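Working notes, structure below.
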Amino acid sequence: MSNIDQTAALPNPGSVFRLFLPEHLPATLMLAGGVMLYAVESYIMATIAPSIVRDIGGLALFSWVTSLFVAAAVLGSIFVAMRPRGIGLRTVYVIAALVFGVGSLIAAAAPSMPVVLIGRAVQGLGTGALAALGYAFIRFVYPEPLWPKASTLYAAIWGVATVIGPTLGGFFSSGSHWRYAFIVLVPLGLLMAALAPRLLPEVEDDREQTKTPVAQIGLLLAAVLMVSAAGAIETTGAKATLIAAAVAAVAGMFLIERRSANRLLPSGAVSLSRPIARVYLTMFALTVVLVSDVFIPYFLQTLHGVTPLLSGYLVALVALGWTFAAFLSGSLTGGRAHAAIVIGALIEAAATALLAVFLGSDNPEGHLLLIVPAAIGMFMMGFGIGLGWAHLVAMVLRLVADNEQDKASSAIPTMSSLGGAFGAAFSGIIANGAGLVDPGGIAGSISAAHWLYLLMALPGIVAIAAAMTLRDRRN
């Protein structure tokens, strides 16, 4: 019987609220708190970024506010696995929380946009590590039947953050008040650093002894930065060039990874003949599709006459769908868990294609006959990825040896960040190439929405194909 199918013999893991039983509560609060810090801060920043530009300038550097954060977050997640010997996960948590606090303080005091970027990069290092630690601690804190439940909780946090983040950001979006959005995060980082030694367990460092894979890390970061830069460039040719260079960097990283004994990823992660590689491919493809939701508010406002506030709440349906599906499927095991992954990928692809029809329509009077199906498509888009994500995380943890668990856990947020960066860049190329800017206007927006969501459903097909091969195979 395969590692994956052994879960069928486990007792029903029950409710996600088992994570809050007395024996698990301290660690749950700390791990969920780290994810919450990452999620809420991301949405706060999206809300206050225009205010920062209006106050201190730096419009030309606007896109790097997110790009540097993502690249630094990838580096932070890698640090969890590549940290020096003798530094335990609990110590890394303390360091990450303090680094996040320092980054927030730098951003709050920034006199110019370049200093804001430094603060954002430091923040990214901290939050990237905190996100990876959420997964790295799972196997030490919870019994195996609760592993998917922990991932379900993290999904719920992101759903809640879609409401809390913009709301908090809105309080600080006028004048120079954006600085307080960073200042309020500093004591949170300090508090988490102080509580970590008391609430998190000290766990054994069971990693294999290796050197830091500098070449692979450098190529991966270069890829993230190039594809992030592509998302900020309007010229389609320049976008394509940067994305091609990013793909080449990832390919180079995979080539080195395959031949080197000093690996960044767990064994088999770059060979599609191994289940762990196909799990990561599924995660990557699902994220690529999901990130196309970045254009939804624009199309709602331009084509359907929806107000900016309402469009923000409508796009939050994507996160709500993820959260709802995660709770719905969290108790599934064995073959049903595998089916949830495949069905979820199918739903996400179909919902994305649905948006090509209903979102990409001229509806200036805001007729509900078009908006309601589009809203359903948004919800189901998130529902699809949420249906199987927790089970993909559990597969990662089961498919690798103990001495590679930290690498495997750290690779989960790395794959999400990489998929998000590529998905945003691909979305920009498709939308611009389909007429968003030229000819622009209503006709250009209709064409862009149609082709964007039709073509972005294709990575979902890749996810379906990869997910279907995961069952009954050993790593």
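Some observations on this one:
- D206-H367 FRET efficiency (beta carbon distance; Förster radius 51 Å; 0.05 resolution): 0.30
- Among the protein heavy atoms, those of F324 account for about 110 Å² of accessible surface (1.4 Å probe, every chain in place).
- The shape of segment 338-475 comes out prolate: with a ≥ b ≥ c from the C-alpha gyration tensor, a/c is at least 1.5 and a/b beats b/c.
- In terms of its alpha-carbon gyration tensor, segment 202-353 comes out oblate; a/c meets the 1.5 threshold, while b/c is at least as large as a/b.
- Listed by number, the DSSP H helices of the chain that run 27 Å or longer by alpha-carbon position along their axis and have mean Kyte hydropathy of at least 1.6 are 89-108, 308-329, 368-399.
- Protein accessible area in segment 101-140, 1.4 Å probe - carbon and sulfur %: 82 percent
- Shape call, the chain: gyration tensor on alpha carbons, a/c limit 1.5: rounded
- Averaging the sequence gap over all C-alpha pairs within less than 8 Å and six or more residues apart, then dividing by the number of residues, gives segment 230-315 a relative contact order of 12 percent.
- Taking all Cα pairs closer than 8 Å and separated by 6 or more residues, the relative contact order of segment 147-249 comes to 15 percent.
- Segment 204-265-segment 91-166 distance, computed between alpha-carbon centres (Å): 22 Å
- Accessible area, probe 1.4 Å, largest first, for residues S104, S417: S417, S104
- Each stretch of four or more DSSP H residues adds -39500 (n - 2.57); spread over every residue of the chain, this sum gives -25000 deg cm²/dmol at 222 nm.
- Solvent-accessible heavy-atom area per residue, rounded to whole Å², over segment 151-227 at 1.4 Å: 47 Å²
- Take 403-414, 254-265 and order them by the average number of nearby Cβ atoms within 10 Å per residue, most first; the result is 403-414, 254-265.
- Note on surface exposure: D402, D55, D205, D438 rank D438, D402, D55, D205 by accessible area, highest first, 1.4 Å probe.
- Theoretical FRET efficiency, 1/(1+(r/R0)^6), r = Cβ-Cβ of S112 and L190, R0 25 Å, to 0.05: 0.45
- For the chain: relative contact order, % (alpha-carbon pairs under 8 angstrom, 6 or more apart): 23 percent
- A straight Cα-to-Cα reach below 18 Å connects K407 with the aspartates and glutamates E204, D205, D206, E208, E257, residues fewer than 8 places away in its own chain not being considered.
- Solvent-accessible surface of protein heavy atoms, probed at 1.4 angstrom with all chains present, puts W178, W322, W158 in the order W158, W322, W178, largest first.
- Centre-to-centre, using Cα atoms only, segment 10-82 and segment 429-470 are separated by 27 Å.
The values are calculated or read from the model by the stated rules, or taken from the named source; none is laboratory data. Bear in mind that the values here come from a model prediction, so they are computed numbers and not experimental data. A quick note on method: Cβ atoms are made from the backbone with ideal geometry, for glycine too, and the neighbour counts reach across all protein chains shown. Just so you know, the surface numbers come from the protein's heavy atoms only, side chains and all, with ligands and any DNA or RNA stripped out. Shrake-Rupley method; radii C 1.70, N 1.55, O 1.52, S 1.80 Å.
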